[in-house]
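Working notes, structure below.
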Amino acid sequence: MRRSVCVLLVTVLLLVGLMGCQKTVKENRVVELHEVTRSVFYAPQYVAQNLGYFEDEGLTVNITTSGGSDKAMTALLSGDADICLAGPETAVYVYNEGRENHPVVVGQLTKRDGSFLVSRKAEPDFSWESLKGKTIIGGRTGGMPLMTLCYVLRQHGLTPGEDVEVIDSIQFNMMGPAFEGGTGEYVTLFEPTATELQNAGKGYIVANVGLASGEVPYTAYLVTPEKLQQDSDTIAAFLRAIYRAQQWCITATDEEIAAAMQPSFPDTSLESLKIVAHSYRQTDSWKQDLTMEAADYARLLDIIESNGQLSARPPFEKLVDNSLAQAIAAGK
């Protein structure tokens, strides 16, 4: 009888041990995240990573910098990425190609263009109209950096390709090096690249493209419908960590944000990170929750259409799923 009891106890302990192992595996889910570029513009994401918010959700998030929305989207569609951080225009393009498993926006991170116009010379009295006859490295055709720039130029009475030469053949992550190499009189750059170029005496920030263009859903988290259906718990856990970081950034100081981001920017000084964090906060560039509004989505389509890159206007409900974002914001 005593031996039977001992055997039973050993069996129970083994089962508990196995259940514990299963729980550990579940609580340490690996998420492959591909970001379009590495930029202070995405501060809440790095805050979530470096302050342990992903870890608190039982996630190990591996961040890969793709060097372009097209590459980040390719990784998502091929299954190399679980989530991608990119311009939502990429989802529009894929949907209009007729792909059944097209990407879906599950959270919006930024709400305006994050690039700055950099000149080869100081221009304290800069005006957009003064760009007439100039050459600008503006990004690649179909990408939001280029389309937003062209939108701003048109708002100031300048026609790209006629009044201003806009170079659209240079890969996103090569725009800075191309400018340093002598191409163009101006370039649009994200942070911290723009500030680093200025601090090195190789350029001067003369305008904020995001302020000139107004609010637009610029960068978002995208997943495939299949991934959302099969692993919604993991996606929700990821978004909870991002939302927590968004809330933290609202009250944190510029110094605190800079310190939280620095592990993701080891070659950038705390002072530079503080400056650019202040700039993005002053321009209200970061979303305070993850929900994408239908009106903002419509404006995004307007900008794409004004650049001749829109073959059809996909319905909002086909490309945006706010269910997780809204539930998280409501504390559910």
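The values are calculated or read from the model by the stated rules, or taken from the named source; none is laboratory data. As the structure is a prediction and not an experimental result, all values here were calculated from the model. No Cβ is skipped: glycine too gets one built from the backbone with ideal geometry, and neighbour counts run over all protein chains shown.
See the values below:
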{"read-out": "Scan of region 307-321 for residues that are part of a helix (DSSP H, G or I) and surrounded by 14 or more Cβ atoms within 10 Å (Cβ to Cβ), ordered by number", "value": "Phe316, Leu319"}
{"read-out": "Residue count for region 263-276, restricted to those that are within 20 Å of the chain's Cα centre (by Cα) and either without any contact (Cβ under 8 Å) to a residue 40 or more places away in the chain or not in a helix (DSSP H, G or I) (or both)", "value": "4"}
{"read-out": "Lone unmet requirement of (1) outside any loop (DSSP other than H, G, I, E, B); (2) among the hydrophobic types (A, V, I, L, M, F, W, C); (3) more than 21 Å from the chain's Cα centre (by Cα) for Leu324", "value": "(3)"}
{"read-out": "Residues of region 207-220 satisfying the condition of being assigned to a strand (DSSP E or B) and surrounded by fewer than 22 Cβ atoms within 10 Å (Cβ to Cβ)", "value": "Ala207, Asn208"}
{"read-out": "Filter result for the condition that a residue is over 30 Å from Leu228 (Cβ atoms) and hydrophobic (A, V, I, L, M, F, W, C), over Val164, Val94", "value": "Val164"}
{"read-out": "Matching option when the condition is within 18 Å of the chain's Cα centre (by Cα) and either of a type outside the set (Val, Ile, Thr) or surrounded by 18 or more Cβ atoms within 10 Å (Cβ to Cβ) (or both), among Leu51, Leu33, Leu59", "value": "Leu33"}
{"read-out": "Options Ala86, Ala122, Ala75; residue that is crowded, with 23+ Cβ neighbours inside 10 Å and not hydroxyl-bearing (Ser, Thr, Tyr)", "value": "Ala86"}
{"read-out": "Residue ID - farthest from Tyr93 (Cα to Cα), chosen from residues in region 135-183 that are in a loop (DSSP other than H, G, I, E, B) and of a type in the set (A, V, I, L, M)", "value": "Leu158"}
{"read-out": "Only one of Ser264, Ser213, Ser232 that is in contact with a Lys or Arg (Cβ under 8 Å, 6 or more places away or on another chain) and modelled with pLDDT of 95 or more", "value": "Ser264"}
